[in-house]
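> Take a look at this one; I'll ask things after.
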């Protein structure tokens, strides 16, 4: 059995810790934050991610905290249906649901199942040195850790990746996003329904049920440059003004939101990498393939990574060889998701009126077989 250092205690890092411990490996997780607190609103774990959690004996721990998503609607600003996807046929056949869940609840469920003391908080990773048989990691507080291998699961702005690939930087998608989770039982929204609206002038709004009567919503606006100070200052009233022409329940969800519930971030991803494996070092999750959220697969890809890595380590005791096998299995799938999500976001954020009208017309004419084909690829491969 091998000894692993995991840098980062996010969803990818914690799921990977479970996967490695179940195989009898030694694991230490290092997190820069002084407390284990996941920042975020809601996520969707597709059936593919739920199957990966099942393989890692984690599905039941997560299921109780979310809500099944059985229908994905795409609408225009007036509420007219552009596309509708009933996912129940796929999820029933696979035996796993699409699950909407609060990111914090998911994170807590993963953390609770790990041994006490395994996660080292307040340990900011600085650099590593690779040796003939392993790695040495150095931390800002002077701590030094040695192990057989190191896994960089430290997110979009990964310091592990920065050492390996100093030229890689997050890529700005051209739009910015507000998010919140609100108690919305009073709205009596259709059970299991998720909806995204492609509006006029580069405006997009979507919502997903995340369990317990709560709904996660997001709102996107274009911005020519990141960290726009005008948009940074937005409050709920500003969003109500921007999305005033949208169909129900957009205004109702905004009316249920307090200013202190708003989360705001520019939308960023990582241009696809050529490699994830570097000897005794592996990049995983957002550190390897951060994606825009347009396909609802960011968290799911990190969970899948953990399950695939466990499979690769079962096949061989040679850790660098297992890392190379992981790379071979994950590169094309994650590249396709990152690229497709990037282009889908560009289409959803169109500003030119005639292009948006053409886009909506095309979406209405797409046969259901297109959605079924996309779901088959997305949900069934692991």
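> Given the options 72, 53, 14, name the one that is in a strand (DSSP E or B), within 20 Å of the chain's Cα centre (by Cα), closer than 30 Å to residue 194 by Cα and touching a residue at least 60 places away in the same chain (Cβ under 8 Å).
Exactly one of 72, 53, 14 is in a strand (DSSP E or B), within 20 Å of the chain's Cα centre (by Cα), closer than 30 Å to residue 194 by Cα and touching a residue at least 60 places away in the same chain (Cβ under 8 Å), namely 72.
> Every residue in segment 248-280 that is under 24 Å from residue 325 (Cα atoms) and over 16 Å from the mean Cα position of the chain (by Cα), please.
Result: 273, 274, 275, 276, 277, 278, 279, 280.
> Which residues, taken from segment 96-125, are within 30 Å of residue 51 (Cα to Cα) and assigned to a strand (DSSP E or B)?
The answer is 99, 100, 101, 102, 119, 120.
> Something else now. State all residues of segment 293-311 that are modelled with pLDDT of 95 or more and on the phi > 0 side of the Ramachandran plot; if no residue qualifies, say none.
none
> Among the residues of segment 222-266, which ones are within 21 Å of residue 79 (Cα to Cα), free of Cβ contacts under 8 Å to residues at least 40 places away in the same chain and in a helix (DSSP H, G or I)?
Hits for segment 222-266 are 240, 241, 242, 251, 254, 255.
> Here is a follow-up. Provide a single number: the residues in segment 313-325 that are modelled with pLDDT of 95 or more and assigned to a helix (DSSP H, G or I).
The total comes to 9.
> Could I ask something else about it? Among the numbered criteria (1) surrounded by 15 or more Cβ atoms within 10 Å (Cβ to Cβ); (2) over 23 Å from residue 158 (Cβ atoms), which one does residue 31 miss?
(2)
> Here's something else I'd like to know. Can you say whether residue 9 is in contact (Cβ under 8 Å) with a residue 12 or more places away in the chain, touching a helix residue (DSSP H, G or I) at 6+ places or on another chain (Cβ under 8 Å) and in a helix (DSSP H, G or I), as far as the supplied structure shows?
Answer is no for this residue.
> For residues that are within 15 Å of residue 305 (Cα to Cα), modelled with pLDDT of 85 or more and touching a helix residue (DSSP H, G or I) at 6+ places or on another chain (Cβ under 7 Å), tally how many sit in segment 326-382.
6
The values are calculated or read from the model by the stated rules, or taken from the named source; none is laboratory data. Fair warning: this is a prediction, and the values are worked out from it, not measured in the lab. Cβ: placed from backbone, ideal geometry, glycine included. Neighbour counts: every protein chain shown.
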